[in-house]
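To keep things clear, I will list the structure first and then write my remarks on it.
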Amino acid sequence: MDPSNHFTVADYVIFAVLLAASMAIGLYYALSGGRQRTTQEFLMAGRSMRCLPVSLSLIASFQSAVAIIGVPAEIYAHGTQYWFIGCAYILGLLIPARVFIPVLYRLRISSAYQYLELRFNKTVRICGTLTFIFQMVIYMGVCMYTPALALNAVTGFDLWVVVVVTGLVCTLYTTMGGLKAVIWTDVFQTAVMFAGQLAVIVVGIQQTGGVSHVWRKAWEGNRISGLDLNPDPTERHTFWTLGVGGVFLMLSLYGVNQAQVQRYLSARTEDEAVRSCYMAFPSLQLALALSCVMGLVMFARYSGEEHLDGPDASSRDVVVIHFVMDMLRDLPGLPGLFVACLFSAALSTISSAFNSLATVTMEDLVKPHCPAMSDTRATLLSKALAMFYGLLCLAMACLTHLMGDSVLQVALKIFGMVGGPNLGLFCLGMFFPWANPTGAIAGMGAGLTVAFWIGIGSTVTRPLPPDCGAPNATSSIGNVTLSRAWSGLGGFYSLSYMWYSGFNCWVVILTGLVVSYFTGHTREEDVAPGTVYPLLGKLQTKKLCCVTATPQPVCSVQPAEHKDLSGTDDKAPHERLLPATTYVEHESSV
């Protein structure tokens with residue numbers, strides 16, 4: 001079948017309405033309320049958001065187009081084992097709500113990496129910021145390119161028209177409306193995502209033969225996976241890789257990633273921020289369930305067929321779009337709804353990245369060197385930065401195309417590799433008060449080195465098969481021949497990608513602690529109050545652990561207070577106390 005023949009006028013209209021609605025929300029917030037005239041309004045939504053929109057924005061930021069397409073394709077190809085990652089959502093959201101949000105929110109910062117300067121020094125802060133920028137620019141290029149590639153393959157949309165339109169729409173409403181526009185468009189786009197997936201599932205089940213038929217086909221095709229307790233870390237998906245390794249992945253996303261932290265910090269109060277994190281749990285579980293069920297319906301529809309009738313049927317991404325067009329071709333408007341669902345995921349993820357990139361660049365790289373900049377000029381520069389990153393990600397999408405299809409897998413692996421070291425850096429600062437700046441820098445360097453060593457090694461090699469024969473047997477990999485002696489290293493390269501965040505996190509922590517020990521641990525009086533979480537309870541000294549914030553006004557922090565946060569003064573870390581916060585010295589237990 002030719003899927004492009006089934007994209008009707010109604011589908012085009014629905015897709016266009018989505019883009020127009022996103023633009024309208026940005027325009028509304030550009031012309032109403034604070035009108036984005038201050039950096040606090042543009043970058044932090046005036047710290048006035050309620051928990052419900054923040055919660056839905058957290059979901060939309062996580063549910064990228066890669067997830068909307070990739071999870072059903074994963075279930076279709078390998079079964080429901082991936083569903084166990086939902087177990088990681090429990091600790092992956094509970095720990096940020098109880099640990100990271102209270103610490104970061106009470107510091108009244110705008111960038112998560114301001115914490116690193118308060119806890120360590122300016123060098124550590126810049127290292128964290130540059131790492132985040134590198135990570136997000138690459139990932140956003142992929143997020144922008146992936147849905148356009150899939151849509152082009154099955155609908156006939158011109159690839160680069162779609163890429164450019166998606167990028168420009170995101171750039172314009174993010175630049176016009178700031179974080180408030182991003183959050184409210186995320187709310188709208190989340191509703192579209194759920195509606196599109198649900199429509200495909202309902203129609204797909206009906207046309208496939210009902211729930212019982214889908215279950216029988218999935219069972220007979222071995223797509224219903226049981227609890228796999230295999231402890232082998234090289235196994236791609238087991239309960240341990242998904243349920244335990246997935247916790248570290250979730251912490252790197254929901255605990256220390258600027259795109260999510262910025263949403264917590266935009267909440268009216270700390271309680272609202274914590275509730276938004278808790279409220280994201282059921283919605284994330286629903287999104288995961290919908291994607292997994294869609295994969296099972298796909299398998300029930302195509303089980304027994306050796307190939308799909310389409311030019312790019314070998315691509316898993318295209319399989320999902322092909323399935324949607326196949327199921328919904330006789331229902332005008334519904335294919336357009338799912339395409340809107342797909343691009344809603346892309347728009348929400350990309351716009352979140354643009355805003356967070358503008359924030360960290362402004363707060364961590366510009367303000368420390370331009371302390372006298374007026375707030376009006378800073379706001380204009382923030383908008384220019386958002387537009388700059390939008391255009392940069394468009395260029396990255398072009399680079400993704402030139403480097404070939406395998407870049408998608410490489411870019412997603414880089415996203416996981418960079419998140420782990422960043423998580424380790426924050427954990428080193430929050431949970432180990434004796435860690436010093438030298439240890440933090442050494443730990444970050446070691447974590448990134450190991451991460452890229454494993455990640456790049458896994459793309460250019462593969463482990464030898466277990467039955468490769470004699471001790472001197474060889475395996476040919478491209479133009480490279482590996483001896484049996486390298487099989488151990490090859491096994492190391494085959495570490496499941498779900499362990500990347502956890503493994504690299506611990507590399508940073510352990511390296512940082514060892515280097516701190518040999519270079520002189522941080523003294524109690526040199527640690528800024530409020531930057532250490534009382535993980536060890538009474539074993540930690542009373543000054544480091546206990547911070548209680550006085551009731552915070554909803555109004556934004558004044559520019560004079562921002563000067564201290566930007567790191568422009570020469571005060572010692574323990575002297576850089578933050579505004580509107582009281583530090584209470586008493587013992588606490590966890």
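At a glance:
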item	result
Where GLU363 falls short, out of the listed (1) modelled with pLDDT of 75 or more; (2) open to solvent by 10 Å² or more (accessible area, probe 1.4 Å); (3) in a helix (DSSP H, G or I); (4) charged (D, E, K, R)	(2)
Check on GLU74, within 26 Å of ASP326 (Cα to Cα) and touching a residue at least 40 places away in the same chain (Cβ under 8 Å)	yes
Options ILE109, ILE133, ILE138; residue that is over 15 Å from ASN422 (Cα atoms) and assigned to a helix (DSSP H, G or I)	ILE138
Members of segment 233-242 found to be open to solvent by 10 Å² or more (accessible area, probe 1.4 Å) and in a helix (DSSP H, G or I), listed by number	PHE239, TRP240
Residue within segment 211-219 that is part of a loop (DSSP other than H, G, I, E, B) and either buried (at least 17 other Cβ atoms within 10 Å of the Cβ) or touching a residue at least 24 places away in the same chain (Cβ under 8 Å) (or both) present	no
Total residues in segment 323-352, condition closer than 28 Å to SER57 by Cβ and open to solvent by 10 Å² or more (accessible area, probe 1.4 Å)	2
Residue in segment 101-113 that is touching a His at 6+ places or on another chain (Cβ under 6 Å), closer than 26 Å to MET498 by Cα and buried (at least 20 other Cβ atoms within 10 Å of the Cβ) present	no
Residue match in segment 411-423 (condition: open to solvent by 40 Å² or more (accessible area, probe 1.4 Å), within 27 Å of the chain's Cα centre (by Cα) and at pLDDT below 90)	yes
ARG223 vs. criteria of a type in the set (D, E, K, R), closer than 22 Å to ILE101 by Cα and open to solvent by 10 Å² or more (accessible area, probe 1.4 Å)	no
Cross-chain or 6+ apart pairs with Cβ under 9 Å, segment 439-455 first and under 11 Å from THR511 (Cβ atoms) and open to solvent by less than 30 Å² (accessible area, probe 1.4 Å), then not in a helix (DSSP H, G or I) and not aromatic (Phe, Trp, Tyr)	GLY439/HIS521; GLY439/THR522; ALA440/ASN121; GLY443/ALA435
From VAL71, VAL54, residue being modelled with pLDDT of 70 or more, touching a helix residue (DSSP H, G or I) at 6+ places or on another chain (Cβ under 6 Å), open to solvent by 10 Å² or more (accessible area, probe 1.4 Å) and of a type in the set (Val, Ile, Thr)	VAL71
Qualifying residue in segment 249-270 (condition: in a helix (DSSP H, G or I), closer than 15 Å to LEU52 by Cα and touching a strand residue (DSSP E or B) at 6+ places or on another chain (Cβ under 8 Å))	yes
Top-ranked residue in segment 367-388 [being part of a loop (DSSP other than H, G, I, E, B) and of a type in the set (A, V, I, L, M); ranked as surrounded by the most Cβ atoms within 10 Å (Cβ to Cβ)]	MET373
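To keep it simple, each residue is scored yes or no on (1) within 30 Å of LEU104 (Cα to Cα); (2) at pLDDT 85 or above; (3) out of contact with any Leu (no Cβ under 6 Å at 6 or more places or on another chain); (4) of a type in the set (Ser, Thr, Tyr).
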{"residue": "TYR278", "(1), (2), (3), (4)": "yes, yes, yes, yes"}
{"residue": "LEU296", "(1), (2), (3), (4)": "no, yes, yes, no"}
{"residue": "PRO311", "(1), (2), (3), (4)": "no, no, yes, no"}
{"residue": "SER315", "(1), (2), (3), (4)": "no, no, yes, yes"}
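The values are calculated or read from the model by the stated rules, or taken from the named source; none is laboratory data. Keep in mind that what you see is a predicted model, and the values were worked out from it rather than measured. Reconstructed Cβ throughout: ideal geometry from the backbone, glycine too, with neighbour counts over all protein chains shown. These area figures cover heavy atoms from the full protein model, side chains too; ligands, DNA and RNA do not enter into them. Shrake-Rupley method; radii C 1.70, N 1.55, O 1.52, S 1.80 Å.
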